[in-house]
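Everything on this sheet refers to the single structure shown next.
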Amino acid sequence: MGGRRGYGPTHSQSIEKHFLGIPDLDVLALNNRVSPRLIYENLCKNISNPTLVLENKILYSDYLKTEPPRGFEVLFSNERYPTLKISPQGSEADVTVVCYGGMLSEVEKAIELAFDTEEILCEVICLSCLCPLNISPILHSVLKTQHLLAVEEGSNFVALSSEIIAILKELGTTIKSR
(Lines give C-alpha, C1' and ligand atoms only; values in the text may rest on other atoms or scores of the structure.)
Protein backbone atom coordinates (compact mmCIF):
# COMPACT_ATOMS: atom_id res chain seq x y z
CA MET A 1 0.00 0.00 0.00
CA GLY A 2 0.96 3.65 -0.04
CA GLY A 3 1.87 6.31 -2.53
CA ARG A 4 4.98 8.25 -3.53
CA ARG A 5 6.21 5.79 -6.13
CA GLY A 6 4.17 6.93 -9.13
CA TYR A 7 2.32 3.68 -9.75
CA GLY A 8 -0.99 5.44 -10.20
CA PRO A 9 -4.26 3.71 -9.41
CA THR A 10 -2.90 0.16 -9.49
CA HIS A 11 -0.54 0.17 -6.52
CA SER A 12 -0.94 3.46 -4.66
CA GLN A 13 -4.00 2.72 -2.59
CA SER A 14 -4.20 3.16 1.16
CA ILE A 15 -6.68 0.39 1.87
CA GLU A 16 -6.49 0.27 5.64
CA LYS A 17 -9.57 2.43 6.18
CA HIS A 18 -11.72 -0.28 4.60
CA PHE A 19 -10.63 -2.82 7.21
CA LEU A 20 -10.44 -0.83 10.47
CA GLY A 21 -14.10 -1.29 11.37
CA ILE A 22 -14.32 -5.04 10.83
CA PRO A 23 -14.99 -6.75 14.19
CA ASP A 24 -12.21 -9.04 15.44
CA LEU A 25 -9.82 -8.13 12.63
CA ASP A 26 -6.43 -6.89 13.80
CA VAL A 27 -4.67 -4.38 11.55
CA LEU A 28 -0.90 -3.84 11.80
CA ALA A 29 1.33 -1.39 9.96
CA LEU A 30 5.07 -1.79 9.48
CA ASN A 31 7.40 1.22 9.70
CA ASN A 32 11.13 1.84 9.30
CA ARG A 33 11.97 1.83 13.03
CA VAL A 34 10.29 -1.33 14.34
CA SER A 35 11.81 -4.50 12.94
CA PRO A 36 9.41 -6.39 10.66
CA ARG A 37 10.92 -9.57 12.10
CA LEU A 38 9.65 -8.57 15.57
CA ILE A 39 6.17 -7.88 14.21
CA TYR A 40 5.92 -11.14 12.26
CA GLU A 41 7.46 -13.28 15.03
CA ASN A 42 5.01 -11.85 17.57
CA LEU A 43 2.16 -12.33 15.14
CA CYS A 44 3.05 -15.97 14.45
CA LYS A 45 3.47 -16.75 18.16
CA ASN A 46 0.38 -14.95 19.41
CA ILE A 47 -2.17 -14.77 16.62
CA SER A 48 -5.69 -14.89 17.99
CA ASN A 49 -7.66 -13.03 15.31
CA PRO A 50 -7.45 -12.72 11.56
CA THR A 51 -4.76 -10.09 10.96
CA LEU A 52 -4.02 -7.71 8.11
CA VAL A 53 -0.42 -6.51 7.92
CA LEU A 54 0.09 -3.32 5.92
CA GLU A 55 3.44 -3.09 4.21
CA ASN A 56 4.05 0.30 2.65
CA LYS A 57 5.96 -0.32 -0.57
CA ILE A 58 8.22 2.67 0.10
CA LEU A 59 9.72 0.67 2.99
CA TYR A 60 10.94 -2.14 0.75
CA SER A 61 13.93 -0.05 -0.31
CA ASP A 62 14.54 1.53 3.11
CA TYR A 63 16.79 0.28 5.88
CA LEU A 64 15.66 -0.02 9.48
CA LYS A 65 16.57 3.24 11.20
CA THR A 66 18.37 3.05 14.52
CA GLU A 67 19.61 6.60 15.06
CA PRO A 68 17.10 9.14 16.39
CA PRO A 69 16.40 12.36 14.51
CA ARG A 70 18.74 15.17 15.55
CA GLY A 71 17.67 16.56 18.95
CA PHE A 72 15.15 13.79 19.64
CA GLU A 73 15.02 10.50 21.52
CA VAL A 74 13.25 7.34 20.40
CA LEU A 75 11.33 5.10 22.79
CA PHE A 76 9.38 1.89 22.15
CA SER A 77 6.44 0.63 24.20
CA ASN A 78 6.52 -2.90 25.57
CA GLU A 79 3.37 -3.91 23.69
CA ARG A 80 3.30 -6.99 21.44
CA TYR A 81 3.33 -4.58 18.48
CA PRO A 82 5.34 -1.62 19.79
CA THR A 83 4.16 1.95 19.64
CA LEU A 84 7.04 4.27 18.85
CA LYS A 85 7.47 7.64 20.54
CA ILE A 86 9.92 10.25 19.28
CA SER A 87 10.29 13.09 21.78
CA PRO A 88 12.42 16.23 21.94
CA GLN A 89 15.44 15.78 24.19
CA GLY A 90 15.19 17.81 27.39
CA SER A 91 12.12 19.84 26.35
CA GLU A 92 8.36 19.55 26.31
CA ALA A 93 6.69 19.15 22.93
CA ASP A 94 4.31 21.77 21.52
CA VAL A 95 2.45 19.41 19.17
CA THR A 96 1.60 15.72 19.09
CA VAL A 97 2.00 14.13 15.66
CA VAL A 98 0.38 10.73 15.10
CA CYS A 99 1.31 8.58 12.12
CA TYR A 100 1.89 5.01 11.01
CA GLY A 101 3.61 3.01 8.33
CA GLY A 102 5.59 4.68 5.57
CA MET A 103 4.59 8.16 6.72
CA LEU A 104 7.03 7.94 9.64
CA SER A 105 10.03 8.90 7.51
CA GLU A 106 8.15 11.91 6.11
CA VAL A 107 7.05 12.93 9.61
CA GLU A 108 10.63 12.71 10.89
CA LYS A 109 11.81 15.08 8.17
CA ALA A 110 8.92 17.43 8.97
CA ILE A 111 9.56 17.57 12.72
CA GLU A 112 13.20 18.47 12.15
CA LEU A 113 12.15 21.19 9.70
CA ALA A 114 9.47 22.49 12.08
CA PHE A 115 12.06 22.87 14.79
CA ASP A 116 14.75 24.37 12.55
CA THR A 117 12.50 26.92 10.84
CA GLU A 118 9.69 27.63 13.32
CA GLU A 119 11.09 26.40 16.67
CA ILE A 120 8.10 24.08 17.06
CA LEU A 121 8.85 20.95 19.08
CA CYS A 122 6.87 17.86 18.12
CA GLU A 123 6.32 14.54 19.80
CA VAL A 124 5.63 11.70 17.36
CA ILE A 125 3.46 8.71 18.18
CA CYS A 126 3.85 6.07 15.46
CA LEU A 127 1.46 3.16 15.72
CA SER A 128 2.31 -0.43 14.75
CA CYS A 129 -1.14 -1.70 15.72
CA LEU A 130 -3.98 0.28 14.16
CA CYS A 131 -6.75 -2.02 15.31
CA PRO A 132 -7.37 -2.63 18.10
CA LEU A 133 -6.23 0.92 18.75
CA ASN A 134 -4.38 1.70 21.96
CA ILE A 135 -5.33 5.34 22.49
CA SER A 136 -3.26 5.70 25.69
CA PRO A 137 0.06 6.91 24.19
CA ILE A 138 -1.77 9.39 22.00
CA LEU A 139 -3.96 10.60 24.86
CA HIS A 140 -0.98 10.97 27.20
CA SER A 141 0.86 13.11 24.65
CA VAL A 142 -2.15 15.23 23.65
CA LEU A 143 -2.94 15.96 27.31
CA LYS A 144 0.50 17.58 27.52
CA THR A 145 0.59 19.39 24.18
CA GLN A 146 -3.13 20.06 23.60
CA HIS A 147 -2.33 20.08 19.86
CA LEU A 148 -2.72 17.17 17.48
CA LEU A 149 -1.59 16.62 13.92
CA ALA A 150 -2.65 13.27 12.46
CA VAL A 151 -0.79 12.24 9.31
CA GLU A 152 -1.69 9.42 6.95
CA GLU A 153 -1.52 8.79 3.22
CA GLY A 154 -5.13 7.89 2.57
CA SER A 155 -8.10 10.17 2.37
CA ASN A 156 -9.12 11.84 5.63
CA PHE A 157 -12.82 10.95 5.50
CA VAL A 158 -13.62 7.90 7.64
CA ALA A 159 -9.95 7.20 8.28
CA LEU A 160 -7.78 6.31 11.25
CA SER A 161 -7.13 10.02 11.88
CA SER A 162 -10.81 10.82 12.16
CA GLU A 163 -11.30 7.86 14.51
CA ILE A 164 -8.47 9.04 16.76
CA ILE A 165 -9.91 12.55 16.92
CA ALA A 166 -13.39 11.18 17.66
CA ILE A 167 -12.08 9.00 20.52
CA LEU A 168 -10.12 11.89 22.01
CA LYS A 169 -13.19 14.13 21.89
CA GLU A 170 -15.36 11.39 23.45
CA LEU A 171 -12.83 11.26 26.29
CA GLY A 172 -13.26 15.01 26.79
CA THR A 173 -9.73 15.85 25.65
CA THR A 174 -9.10 19.52 24.92
CA ILE A 175 -7.38 20.10 21.61
CA LYS A 176 -6.57 23.71 20.81
CA SER A 177 -6.42 24.98 17.26
CA ARG A 178 -3.65 27.21 15.98
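Points to keep in mind about this one:
- The longest stretch of the chain left intact once loop-based chymotrypsin sites (Phe, Trp or Tyr not before Pro) with at most 11 other Cβ atoms within 10 Å are removed from consideration, loops following DSSP, is 64-156.
- Accessible-area ranking of Cys44, Cys122, largest first, probe 1.4 Å: Cys44, Cys122
- Gaussian network model of the chain, springs between alpha carbon atoms under 10 Å - residue of Pro23, Pro132, Pro88 with greatest fluctuation: Pro23
- Against the main long axis of the alpha-carbon atoms of the chain, helix 36-46 sits at an angle near 60°.
- Against the criterion of solvent-accessible heavy-atom surface with a 1.4 angstrom probe, Arg70, Arg33 sort, most first, into Arg70, Arg33.
- Carbon plus sulfur fraction of accessible area for the chain, probe 1.4 Å, in percent: 55 percent
- Rounded to whole Hz, the Karplus (6.51, -1.76, 1.60) HN-Hα couplings of region 50-65, x for glycine and proline: x, 9, 9, 10, 8, 10, 6, 4, 5, 6, 4, 9, 10, 8, 5, 7
- Calculated accessible area for region 33-178 comes out at 54 Å² per residue, all protein chains present (probe 1.4 Å; ligands, DNA, RNA ignored).
- Given charges at Cβ of Lys, Arg, Asp, Glu: region 9-139 dipole, positive-most of Cys99, Leu28, Leu113: Leu28
- Percent antiparallel among DSSP beta bridges (both partners in the chain, rounded to 5): 45 percent
- Under 18 Å from the Cα of Lys176 - aspartates and glutamates, other chains or at least 8 residues apart: Glu92, Asp94, Glu123, Glu163
The values are calculated or read from the model by the stated rules, or taken from the named source; none is laboratory data. Here the structure is a predicted model, which means the values were calculated and not measured. Reconstructed Cβ throughout: ideal geometry from the backbone, glycine too, with neighbour counts over all protein chains shown. All accessible areas refer to the heavy atoms of the entire protein, side chains included, with ligands and DNA or RNA removed. Shrake-Rupley method; radii C 1.70, N 1.55, O 1.52, S 1.80 Å.
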